[in-house]
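Asker: Got a structure for you, written out below as structure tokens; questions coming shortly.
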Amino acid sequence: MQRSLGAYVIWLLARAVRGLRAWLLITASYVLYWCSFLRFGSFVVARHPGAADLANARRVAVFVHYDRYGVVDDYVYYYLQCIANAGFCIVLVSNSPDLRATDLAKLRELCGLVILRKNVGLDFGAYKDGIAAIPDVRALDTLMLANDSVYGPIHHLGSMVEKMDSQKADVWGATDSWEIKFHLQSYFILFHSRVLASDHFAMFWKKVRCVQSKAWVIRNYEVGLTRHFQQGGFRCRALFQYREVATRITDAVIARKLLDGETLDQTRKMYLTRILTSIVSGTPMNGSHYFWDYLITSMAFPFIKRDLLHRNPVRIPFLTYWEQLIKDASTYDTDLILRHLERSLKNRSV
């Protein structure tokens, strides 16, 4: 009885701590939002025209980069080259205003415009400045928003983009999430002409403020973007839908009887049980983390989240196999990822 009471008290305290932490984060985010009204002027430090023809482009990609040391890594250049090969003129927005001169020169060769700005407002502040630099957004056929928070494309980017049919949806994401509310994840979003020519597009970006709170940006801009366009009557869809991936994984586990017998070791069984329990109970998970290996090997998903390898925030087991798994599934040069990990990881190996 005493043990039960002690466990209950510990549970109550843990719940109270979580509640207090959530309240503090929400309060801090609102404070930072109102502080954004005290900032005046532009955060853009410099604009550098590039070699690509932005003025006449019908497909444009706004790509956001940040590195505290002003470095543009090889994996970013590869991603940018794939975007260019897919027929997009790139507006590169770097939240590293002290970008190295060698990197700036290389970027100007590849892009239509390079914008250097202060690191204020996170990705959505940078997206906003990049979109504002496009001569006529309403005249575009397609606008891509992308950033350096993923490694890849591991599989062919052009093939993925072509599957994002304007007849099936106006706004596409690579993946979606049901955490907080249903939304497209903002590391890769594609807008088609119908939404670009609408007042709703301009209205959303007009309301975006440069808030230094990740919690605020996620809730109001990442989640808010999908909600805004859905309410405007536009169809928002992910190419790799959470519900589809979750169902396919569940079916595969059941069909192969992976949780029965000695097919898997105990660690893998516990992890699969954890995933299936969340799926069956309807508890949403971050699919780009929990389903990362299945997405790459079974569904030709072209990315792996950088944060997954850097921090592994939800403790995904067996991440050490990331390199072999990617090599088995594609021809992507995993040294691009490895060189960035070697430069940027601290007190961690993967």
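The values are calculated or read from the model by the stated rules, or taken from the named source; none is laboratory data. In this text the structure is predicted, and so the values were computed from the model without any measurement. Every residue, glycine among them, receives a Cβ derived from its backbone with ideal geometry; neighbour counts consider all protein chains shown. Surface areas here come from the heavy atoms of the whole protein model, side chains and all, with no ligands, DNA or RNA. Shrake-Rupley method; radii C 1.70, N 1.55, O 1.52, S 1.80 Å.
Asker: With a Förster radius of 25 Å, plug the Cβ-Cβ distance of ARG219 and ASP199 into 1/(1 + (r/R0)^6) and report the FRET value to the nearest 0.05.
Answerer: For ARG219 and ASP199, the calculated efficiency is 0.55.
Asker: Given the DSSP H assignment, sum -39500 (n - 2.57) over each helix run of at least 4 residues in the chain and divide by its residue total; what's the result at 222 nm in deg cm²/dmol, nearest 500? Kindly include the intermediate steps, with their values, before the conclusion.
Answerer: On the way: 15 runs with 162 residues, N = 350.
Dividing the helical sum by the residues of the chain leaves -14000 deg cm²/dmol.
Asker: With a cut-off of 18 Å, note down the residues of the stretch 183-202 whose backbone N falls inside the zone around a label point 7 Å from the Cα of SER166 toward its beta carbon.
Answerer: Zone members listed by number: 189-202.
Asker: If every alpha-carbon in the stretch 67-184 counts as one equal scatterer, what log10 I(q)/I(0) does Debye give at q = 0.15, 0.20 1/Å?
Answerer: Debye intensities relative to I(0), on a log10 scale: -0.77, -1.34.
Asker: Once neighbouring chains are kept in place and the probe is 1.4 Å, which whole percent of the accessible area of the stretch 253-350 is contributed by carbon and sulfur?
Answerer: 50
Asker: Also: If you plug each phi of the stretch 74-88 into the Karplus form 6.51 cos²θ - 1.76 cosθ + 1.60 with θ = phi - 60°, what whole-Hz ³J(HN,Hα) values come out, in order, with x for Gly and Pro?
Answerer: 4, 5, 6, 4, 4, 4, 4, 5, 5, 5, 5, 5, 7, x, 9
Asker: How far apart, in nanometres, would the label points at ASP335 and THR283 be if each is projected 7 angstrom from Cα along the Cα-to-Cβ direction?
Answerer: So the two model labels end up 4.3 nm from each other.
Asker: Just the accessible area for GLU342, please: 1.4 Å probe, Å², rounded to the nearest 10?
Answerer: For GLU342, solvent-accessible area is about 130 Å².
Asker: Only sites in a loop by DSSP and with at most 12 other Cβ atoms within 10 Å count here; which chymotrypsin sites (Phe, Trp or Tyr not before Pro) in the stretch 241-350 make the cut?
Answerer: Values: sites: TYR242, TYR271, TYR290, PHE291, TRP292, TYR294, PHE303, PHE318, TYR321, TRP322, TYR332; in loops: PHE291, PHE303, PHE318, TYR332.
Of the chymotrypsin sites (Phe, Trp or Tyr not before Pro), the ones in loops of the stretch 241-350 whose Cβ has at most 12 other Cβ atoms within 10 Å are PHE318.
Asker: Beyond 19 Å between alpha-carbons counts as too far, so tell me which of LYS118/LYS305; LYS257/LYS305; LYS163/LYS207; LYS106/LYS163; LYS214/LYS305; LYS181/LYS206 fall in that bin.
Answerer: LYS118/LYS305; LYS257/LYS305; LYS163/LYS207; LYS106/LYS163; LYS181/LYS206
Asker: Quick one: 3J(HN,Hα) in Hz for the stretch 146-161, Karplus 6.51/-1.76/1.60 with θ = phi - 60°, rounded, Gly and Pro as x.
Answerer: Along the stretch 146-161, the couplings run 8, 8, 8, 7, 10, 9, x, x, 6, 10, 4, 5, x, 5, 5, 4 Hz.
Asker: Can you tell me how the stretch 225-350 classifies by the Cα gyration tensor, rounded, prolate or oblate, using a/c under 1.5 as the rounded cut?
Answerer: oblate
Asker: Which order do ILE337, ILE279 take by accessible area at a 1.4 Å probe, largest first?
Answerer: Working: ILE337 0, ILE279 40 Å².
In descending accessible area the options line up as ILE279, ILE337.
Asker: What aspartates and glutamates does LYS269 reach when the alpha-carbon gap must be under 14 Å and sequence neighbours fewer than 8 apart in one chain are set aside?
Answerer: ASP260
Asker: Another one. So if I take the alpha carbon set of the stretch 169-275, get Rg, then get Rh from the Kirkwood formula, what is the Rg over Rh ratio?
Answerer: 1.15
Asker: Going 7 Å from the Cα of ASP307 in the Cα-to-Cβ direction, what parts of the stretch 115-131 have a backbone nitrogen less than 20 Å from that spot?
Answerer: Those under the cut-off are 119-128.
Asker: Computed on alpha carbon atoms, what radius of gyration and Dmax characterise the stretch 140-183, expressed in Å?
Answerer: 12.1, 32
Asker: Sort out for me the Cα centre separation of the stretch 93-156 from the stretch 228-302, rounded to whole Å.
Answerer: Centre-to-centre (Cα) distance: 31 Å.
Asker: May I pose another question? For volume of the Cα convex hull per residue in Å³, several values are listed as [x] 152; [y] 166; [z] 139; flag the one computed from this structure.
Answerer: [y]
Asker: Further question: Calculate the dipole size of the chain relative to its Cα centre from +1 charges on Lys and Arg beta carbons and -1 charges on Asp and Glu beta carbons; express the result in debye to the nearest 20.
Answerer: 1280
Asker: Okay, moving on. Are there trypsin sites (Lys or Arg not before Pro) in the stretch 241-314 that DSSP marks as loop and that have at most 14 other Cβ atoms within 10 Å, and which are they? List each step's numbers first, then the result.
Answerer: Details: sites: ARG243, ARG248, ARG256, LYS257, ARG268, LYS269, ARG274, LYS305, ARG306, ARG311; in loops: LYS257, ARG311.
Sites meeting the loop and neighbour criteria: LYS257, ARG311.
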